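K.L.:
Please see the structure below; I have some questions.
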Amino acid sequence: MEKCMPRNGKEGLVYGGVICALTCTFMATMNICISMGGVSKVALITSIKLFPVLFIAAMLIETFIVGKIAGKLTGVFCAPKDSLNAHILFRTFFTVIGMSMIMTNVGAGIGTGFSMELFKNFPIAWPRNFCIVIFLELLIVQPIARNMMRMIHKNQENRQANEDDLDKMIV
């Protein structure tokens, strides 16, 4: 098994949480600043205040809806023998499509209220969000999350090696 991917549900939750937190932080701040006319103290404070709600919404939507669909689509486009990078790329692509479509409306609705304005702005907001978040995921967020998994796994291996050494000394 690859050292850069989660090995169990607990690691999966941590891995997904890191990805979601980084993506939500950047995308929420960017979209709030755009909707409020630029970067300002008020926009940044609003972003900080809305982060917990957006983070929870994004985690739930990814876990129960988009993640399941992305996993199935990845299985359609990737063979089991394809490289880990191919699986990561397809999974990221399908997740970003779904999450950017949903969170474009959810984020705007939470931030400014749910109205018909959401659907009017969607053809402009969604392509922008998708393009930004696909690069953000592929170049920044996913590498950070995979490096974090490598560090966790290395720490686990070191701890196991230390326990094995201690067992040998006791015997």
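The values are calculated or read from the model by the stated rules, or taken from the named source; none is laboratory data. All values derive from a computational prediction rather than experimental measurement. Quick reminder, even Gly has a Cβ in these numbers, built from the backbone with ideal geometry, and neighbours come from all protein chains shown. Heads up: the accessible areas ignore ligands, DNA and RNA and are worked out on the full protein's heavy atoms, side chains in. Shrake-Rupley method; radii C 1.70, N 1.55, O 1.52, S 1.80 Å.
K.L.:
Among the residues of the stretch 106-121, are any of a type in the set (Ser, Thr, Tyr), open to solvent by less than 70 Å² (accessible area, probe 1.4 Å) and not in a loop (DSSP other than H, G, I, E, B)? Outline the logic, then answer.
P.N.:
Within the stretch 106-121, the subset of a type in the set (Ser, Thr, Tyr) is 112, 115.
Then keep just the ones that are open to solvent by less than 70 Å² (accessible area, probe 1.4 Å); that gives 115.
Add one more test, that the residue is not in a loop (DSSP other than H, G, I, E, B), and what stays is none.
Checking the stretch 106-121: not a single residue is of a type in the set (Ser, Thr, Tyr), open to solvent by less than 70 Å² (accessible area, probe 1.4 Å) and not in a loop (DSSP other than H, G, I, E, B).
K.L.:
Which of the residues belonging to the stretch 122-132 are open to solvent by less than 70 Å² (accessible area, probe 1.4 Å) and either within 13 Å of ALA108 (Cβ to Cβ) or modelled with pLDDT under 90 (or both)?
P.N.:
PHE122, ALA125, TRP126, ASN129
K.L.:
Quick test for you: out of MET5, MET59, pick the one residue that is in a helix (DSSP H, G or I), touching a residue at least 24 places away in the same chain (Cβ under 8 Å), of a type in the set (A, V, I, L, M) and under 21 Å from LEU138 (Cβ atoms). Show your work before the answer.
P.N.:
Working: MET5 fails: in a helix (DSSP H, G or I).
Unique residue meeting the criteria: MET59.
K.L.:
Against the conditions (1) surrounded by 10 or more Cβ atoms within 10 Å (Cβ to Cβ); (2) assigned to a helix (DSSP H, G or I), where does MET169 fall short? Just the number, please.
P.N.:
Just one mismatch for MET169, condition (1).
K.L.:
Out of the stretch 44-92, which residues are touching an Asp or Glu at 6+ places or on another chain (Cβ under 8 Å) and closer than 14 Å to GLY16 by Cα? Explain how you work it out, then say what you get.
P.N.:
Residues of the stretch 44-92 touching an Asp or Glu at 6+ places or on another chain (Cβ under 8 Å): 84, 92.
The one that is touching an Asp or Glu at 6+ places or on another chain (Cβ under 8 Å) and closer than 14 Å to GLY16 by Cα: THR92.
K.L.:
Being open to solvent by 40 Å² or more (accessible area, probe 1.4 Å), aliphatic (A, V, I, L, M) and in contact with a Ser or Thr (Cβ under 9 Å, 6 or more places away or on another chain) is the filter here, so list the residues in the stretch 14-63 that pass it.
P.N.:
Matches in the stretch 14-63: MET36, VAL39, LEU44, ILE48.
K.L.:
Where the second residue is of a type outside the set (Gly, Ala, Ser) and buried (at least 17 other Cβ atoms within 10 Å of the Cβ) and the first is free of Cβ contacts under 8 Å to residues at least 40 places away in the same chain and in a helix (DSSP H, G or I) and lies in the stretch 8-22, which pairs have Cβ atoms under 6 Å and are six or more apart or on separate chains?
P.N.:
These pairs meet every condition: GLY12/PRO6.
K.L.:
Further, regarding this structure: For the stretch 141-166: of the residues being open to solvent by 90 Å² or more (accessible area, probe 1.4 Å) and touching a residue at least 40 places away in the same chain (Cβ under 8 Å), which is farthest from THR104 (Cα to Cα)?
P.N.:
Checked the stretch 141-166; the qualifying residue farthest from THR104 (Cα to Cα) is LYS154.
K.L.:
Taking the stated definitions as given, is SER115 over 25 Å from CYS33 (Cβ atoms) and without any contact (Cβ under 8 Å) to a residue 12 or more places away in the chain?
P.N.:
On the way: over 25 Å from CYS33 (Cβ atoms): no; without any contact (Cβ under 8 Å) to a residue 12 or more places away in the chain: yes.
No; evaluated as a whole, the condition is false for this residue.
K.L.:
Got a number for residues in the stretch 75-89 being within 13 Å of CYS4 (Cβ to Cβ), surrounded by 14 or more Cβ atoms within 10 Å (Cβ to Cβ) and in contact (Cβ under 8 Å) with a residue 24 or more places away in the chain?
P.N.:
Residues meeting the conditions: 1.
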